[in-house]
Amino acid sequence: MTYLTRDALSVDQLVAQVAASTLGGTCVFLGTVRNGPDEDGVTAIEYSAYEEMVEAEFGRLVADARDRWPEARIAVRHRLGTIPVGEASIAIVAAAPHRAQAFEACRYVIEGVKQRIPVWKKELRVDGSEVWVDPAGRPTAKPSHV
Amino acid sequence: MPATVDTATLATVRVRFFARYAELVGRSEAAVSLPLPATVGDVVRRVREDFPGARALPARPLAAVNLKQAKLEARVQDGDEVALLPPIAGG
């Protein structure tokens, strides 16, 4: 089982992994590279990771989710490398007998990713600059006027 | 190595640096030897002393031992892999 890829993410593939006739609710979360009003001309984000630990920690995180929602089936994939604005960096699919468990399990996994999965991102900007992003989503070295 | 140190008590750990920390230290890994008993915090102190760029690392970074997050007070053993992790920013 690998939780990492350098290719574009396929939601269909992940949905197919968890689909079952007994599971009536499927929740999909996509995290997408953004260039919003709080970013300074982001064109792409370069994702890097402690890959061996990502694999181990994702295994533990998904196991924790299964302990909480034993009937849920969960598939997750994180993309690494340079990802342009608008493309997904992470996809999580949680299927459960009913929608509440599907939403809760999906939310649990993405919040766990933010706390536990050792992945880092560097914003690549239109002016050619590169800035590491801190966990609050802000660059580590903002210009003084911001 | 000081002559008074018993080599039998020395541990060698592989230290790995990632993302911004790898840029600051100028390398992605290093081997560090230190007398036992030793903690993750001892490894961090040694790294900050031995590598000029590592002085810019925080004194109490997030760390992992053998692929699992660990406190700075956690003990390390010979052969362990200690990773110094910048603030996690995945997703």
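Filtering region B:50-64 for residues that are under 11 Å from B:VAL15 (Cα atoms) and in contact with a strand residue (DSSP E or B) (Cβ under 8 Å, 6 or more places away or on another chain) leaves a non-empty set. Exactly one residue out of A:VAL85, A:VAL93 is touching a residue at least 24 places away in the same chain (Cβ under 8 Å) and surrounded by fewer than 23 Cβ atoms within 10 Å (Cβ to Cβ), and it is A:VAL85. Listed by position, the strands (runs of 3 or more DSSP E) inside region A:30-146 whose residues that are within 19 Å of the chain's Cα centre (by Cα) and more than 17 Å from B:PHE18 (Cα to Cα) number at least 3 are A:42-49, A:73-79, A:88-96. Summed over region B:49-91, the residues that are at pLDDT below 95, crowded, with 17+ Cβ neighbours inside 10 Å and more than 14 Å from chain A (Cβ to nearest Cβ) give a count of 2.
Filtered by the rule that a residue be more than 9 Å from the chain's Cα centre (by Cα) and either small (Gly, Ala, Ser) or more than 18 Å from A:PHE58 (Cα to Cα) (or both), region B:65-85 gives B:ALA70, B:LYS71, B:LEU72, B:GLU73, B:ALA74, B:ARG75, B:VAL76, B:GLN77, B:ASP78, B:GLY79, B:ASP80. Scanning region A:113-127 for residues that are away from chain B (no Cβ under 14 Å) and buried (at least 23 other Cβ atoms within 10 Å of the Cβ) turns up nothing. Of the candidates A:VAL18, A:VAL28, A:VAL76, A:VAL62, the single residue that is among the hydrophobic types (A, V, I, L, M, F, W, C), within 14 Å of another protein chain (Cβ to nearest Cβ) and either in contact with a helix residue (DSSP H, G or I) (Cβ under 6 Å, 6 or more places away or on another chain) or within 14 Å of A:VAL109 (Cβ to Cβ) (or both) is A:VAL76. In region B:47-76, what residues are outside any loop (DSSP other than H, G, I, E, B) and of a type in the set (A, V, I, L, M)? Selection gives B:VAL47, B:ALA54, B:ALA56, B:LEU62, B:ALA63, B:ALA64, B:VAL65, B:ALA70, B:VAL76. The lone criterion from (1) of a type outside the set (Asp, Glu); (2) within 9 Å of chain B (Cβ to nearest Cβ); (3) touching a Leu at 6+ places or on another chain (Cβ under 8 Å) left unmet by A:ILE110 is number (3).
Among the numbered conditions (1) touching a Phe, Trp or Tyr at 6+ places or on another chain (Cβ under 9 Å); (2) surrounded by fewer than 14 Cβ atoms within 10 Å (Cβ to Cβ); (3) away from every other protein chain (no Cβ under 14 Å), the only one that B:SER28 does not meet is (3). For beta carbons closer than 7 Å, sequence separation of 6+ or different chains, a first residue in region A:1-27 that is farther than 17 Å from A:VAL119 by Cα and a second that is of a type in the set (Lys, Arg) and modelled with pLDDT of 95 or more, the qualifying pairs are A:LEU14/A:ARG77; A:VAL18/A:ARG73; A:ALA20/A:ARG73; A:LEU23/A:ARG73; A:GLY25/A:ARG99.
The values are calculated or read from the model by the stated rules, or taken from the named source; none is laboratory data. For clarity, every value in this text was computed on a predicted model and none was experimentally measured. FYI the Cβ positions are ideal-geometry reconstructions off the backbone, even for glycines, and counts take in every protein chain you see.
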